[in-house]
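Note sheet for the following structure.
The values are calculated or read from the model by the stated rules, or taken from the named source; none is laboratory data. The shown structure was predicted, so the numbers you read here are calculated from the model rather than taken from an experiment. Positions of Cβ are backbone-derived with ideal geometry, glycine not excepted, and every protein chain shown enters the neighbour counts.
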Amino acid sequence: MSQQGAVLYDVPGPRARRVTTIVSLLAGLALLVGAYFLVYRPLADAGELSMDKWGPLIDPGNELFGQVWRRLGDGLRATLLAAVFAIVFSLLVGTLLAVLRLQLRQLRTRRYAGLSRPLALAARGLGTGLGWLTRVFVEVFRGAPVVITIFFVWRVLPELGLRPPDLSMPGLPLPSLMWSLVIGLTLYNGVVIGEILRSGMQGLPRGQTEAAQAIGLSSLQTTLRILLPQAYRIMLPALISQLVVVLKDTALGFIITYSEVMRTANLLAENPQLRNPLQMYAVVGVIFILVNYTLSKLAGYVERRVARGRRTAIPPPAAAPEEVAAVVR
């Protein structure tokens, strides 16, 4: 191992370390100088760093501070509400789609020995047709930009008499605009999550499916009890990344005039009393970074707990000595 490490990587000597340190310091100094002359000075000369523009966002003593953050809080609440519904529905749709595509794939290879030849051919053709239909559904919504999908749900579905309803709960309004955003995000992300889970199930060893069939489990029972739970654990990092994408894509609600945090920030930045789009968008960017970072840390915690649960699983009880002797005899 030490010889392989010596071949792949030579430990730098004193001179190389000294050169690396000097180059790093010079590069850092050049970045600072460039940031000062190319970023700080132009912004300061344009008045973008003055408290007149930053005060409503960072100074509690400013008369507009409370109003601005109250509006941003309402927008953030609308964003998180749409994200929660979109995440839940995307997971449900993705799971159902993955299970359906896997079952249809297995049906296409089934021989239908108990049926007559015409009925067997009809059943196999039905499975093939449904398989192609689901594949077209996946390719359409996976290939279409999510902006187009959201706009389609908002503009086209009402023309077909399928306008999402205005629902409300105590203290929790759920407008049709929010459902248009949720449906659009669900169609796109549900398809992506379905493909993630399907690839996870198909990547499992074939022996697990054969063992489940050997003990009498049906194809659907094998998928739900054996393959799907493992696919969730194996593909958890990819699922986490996609859920973060769902949360970020809620910012696209501004194209359908949904009052999420991005649209709220845009309206506030255009207010004649503020006129601070740079500052407003910077604050919204920080909000999204904090929310996504929190979601990533929470998902990482869940992943560690799942991994710890697999490591600390109770081993099967050891056989008694007399049972071992009986088996030997």
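Computed quantities for the displayed model
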| quantity | calculated |
| --- | --- |
| Extreme residue, modelled with the lowest pLDDT, among residues of the range 274-329 that are in a loop (DSSP other than H, G, I, E, B) and polar (S, T, N, Q) | 312 |
| Residue 216 being touching a residue at least 24 places away in the same chain (Cβ under 8 Å) and surrounded by fewer than 18 Cβ atoms within 10 Å (Cβ to Cβ) | no |
| Among the residues listed as 264, 257, 250, 294, the single one being on the phi > 0 side of the Ramachandran plot and not hydrophobic (A, V, I, L, M, F, W, C) | 257 |
| Condition check for residue 252: touching a residue at least 12 places away in the same chain (Cβ under 8 Å), more than 26 Å from residue 302 (Cβ to Cβ) and either surrounded by 13 or more Cβ atoms within 10 Å (Cβ to Cβ) or touching a helix residue (DSSP H, G or I) at 6+ places or on another chain (Cβ under 6 Å) (or both) | yes |
| Residues satisfying the stated conditions in the range 34-71, i.e. in a loop (DSSP other than H, G, I, E, B), without any contact (Cβ under 8 Å) to a residue 60 or more places away in the chain and closer than 16 Å to residue 282 by Cα | 47, 49, 50, 59 |
| Residue that is surrounded by the fewest Cβ atoms within 10 Å (Cβ to Cβ) [pool: residues in the range 86-115 that are farther than 18 Å from residue 224 by Cβ and at pLDDT 85 or above] | 88 |
| The range 10-26: number of residues that are in a helix (DSSP H, G or I) and either loosely packed, with under 10 Cβ neighbours inside 10 Å or in contact (Cβ under 8 Å) with a residue 12 or more places away in the chain (or both) | 2 |
| Residue list for the range 235-249, filter: over 16 Å from residue 289 (Cα atoms) and either in contact with a Leu (Cβ under 8 Å, 6 or more places away or on another chain) or surrounded by 17 or more Cβ atoms within 10 Å (Cβ to Cβ) (or both) | 235, 236, 239 |
| Residue list for the range 32-59, restricted to those being touching a Phe, Trp or Tyr at 6+ places or on another chain (Cβ under 9 Å) and surrounded by fewer than 12 Cβ atoms within 10 Å (Cβ to Cβ) | 58 |
